Amino acid sequence: MKYLYLDWAATSPIHPEVAKVQKKVAEEVVGNPSSIHTWGMEARDLLESCRAKCARLLGAKEKQVLFTAGGSESNNLVFTSFLLKASPGHAIVPFFEHASVYEPSRILERFGWEVTRIPAGMDGRIEPERIGEALRKNTALVALMLVNNETGAIQPVGDVVRMIRNHGTDQRPIHIHVDAVQGVGKIPVNFQELGVDSLSVSGHKFRGPRGVGILLVRKPLSSILTGGGQEYGMRPGTENVPGIAALTRALELAVEGMEKNRLQAERTLQTLLARLRKCPQCRLLPEARWNNPSGYSPYIVSLSFPPVPGEVLVRVMNERGYGVSTGSACSSRKKRDTRVLEASGVTSSIAFSSIRVSIGPTVTEEQIEEFADVLLKETAILFQVAK
């Protein structure tokens, strides 16, 4: 039986070269970057070299780069920083945000903040005007992901930033946070050009190691975490130097191969969708994607085969050697949560029957053709059972 991993949005297979970097640094760079002896200074030099490279690759300044344990921690650091404000304010968070943004926004509510939640349009993309209508005099935070982790919808971050900046004042600046976890390494991301105040990155989404990420911050944030003062006092704790070195190399490789990988992903996805058009019961989520493929990441696609439950289809395809998911890995072991899809204009019944297919640069058109054929065969059987 052939095996094909198609859950890259959950985590991507580490690049062999990146794994070698991580192993080499773990074995050879033994010092703590905060120590002042030779071994510590060696680790510090490598750490700061990685910081400079990541800053260059992401269009940021070196002091704006904080190394974290990943996207979830980066998102939480931003939200929890607002708990230290003198008084609660107002935040705007779309319904379709990843759990690592959506759940921290609920913590703000527990501490007296008001949070306005906005759904996407029928195409899965936020309408900047909806955010503009929700702005208040006490709005302090607006969060908006760059690429949706379930629909692949690329959000109009630039339009939202311009609208907010025109609305705000120097006396009441609005902090704009972007979860770019599914975008970095796949589409161009330049921190300075985006004009946002903070941005989250996770290494394992672009073939880096798990458990290491980046938070870009325009200005220092207050932090509820205390300790040794590492990472400019915003993220204390001994830095994961082997992971950071590996993340940096993964980011370099992803940026270098971005255009080639994007074209490969587009061809592969087109092959999948062309095959699935043969199945009248198959639904592309959101369906507006058929008419505007450029508005979505070619690496992520959600499909629905009603009335077959998505979880059933995931298990069936797993038995056939294919790894797909029902959505975000962060909630896959909990009761099925269709919040993201429903916030993108999908009905609950269609969302319940959905699966997510996510690919990477090593997935070939031939492999995806075979997957599509097996998927169509298995869904045909399940449709008969469901009658």
In the range 80-126, residues that are in a loop (DSSP other than H, G, I, E, B), among the aromatic types (Phe, Trp, Tyr) and over 20 Å from the mean Cα position of the chain (by Cα) total 2
Exercise. Determine if the range 176-188 includes at least one residue that is out of contact with any helix residue (DSSP H, G or I) (no Cβ under 7 Å at 6 or more places or on another chain), of a type outside the set (Val, Ile, Thr), touching a residue at least 24 places away in the same chain (Cβ under 8 Å) and more than 21 Å from GLY257 (Cα to Cα).
Key: no
If we keep only residues of the range 31-60 that are part of a loop (DSSP other than H, G, I, E, B) and free of Cβ contacts under 8 Å to residues at least 12 places away in the same chain, then the residue nearest to SER200 (Cα to Cα) is SER35
Exercise for the section: Answer yes or no as to whether GLU129 is among the charged types (D, E, K, R) and under 23 Å from the mean Cα position of the chain (by Cα). Expected result: no
Among LEU247, LEU273, LEU251, the single one that is modelled with pLDDT of 95 or more, closer than 30 Å to GLN367 by Cβ and surrounded by fewer than 24 Cβ atoms within 10 Å (Cβ to Cβ) is LEU273
If we keep only residues of the range 137-167 that are polar (S, T, N, Q) and surrounded by 21 or more Cβ atoms within 10 Å (Cβ to Cβ), then the residue nearest to ALA91 (Cα to Cα) is THR139
Filtering the range 91-141 down to residues that are without any contact (Cβ under 8 Å) to a residue 24 or more places away in the chain and under 21 Å from VAL78 (Cβ atoms) yields GLU103, ARG106, GLU109, ARG110
### Message
Tell me yes or no: at least one residue of the range 302-319 is in a strand (DSSP E or B), of a type in the set (Val, Ile, Thr), crowded, with 18+ Cβ neighbours inside 10 Å and at pLDDT 95 or above.
### Response
no
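The values are calculated or read from the model by the stated rules, or taken from the named source; none is laboratory data. Owing to the predicted nature of the structure, the values given are computational and were not obtained by experimental measurement. Ideal geometry is used to build each Cβ from the backbone, glycine not excepted, and the neighbour counts take in all protein chains shown.
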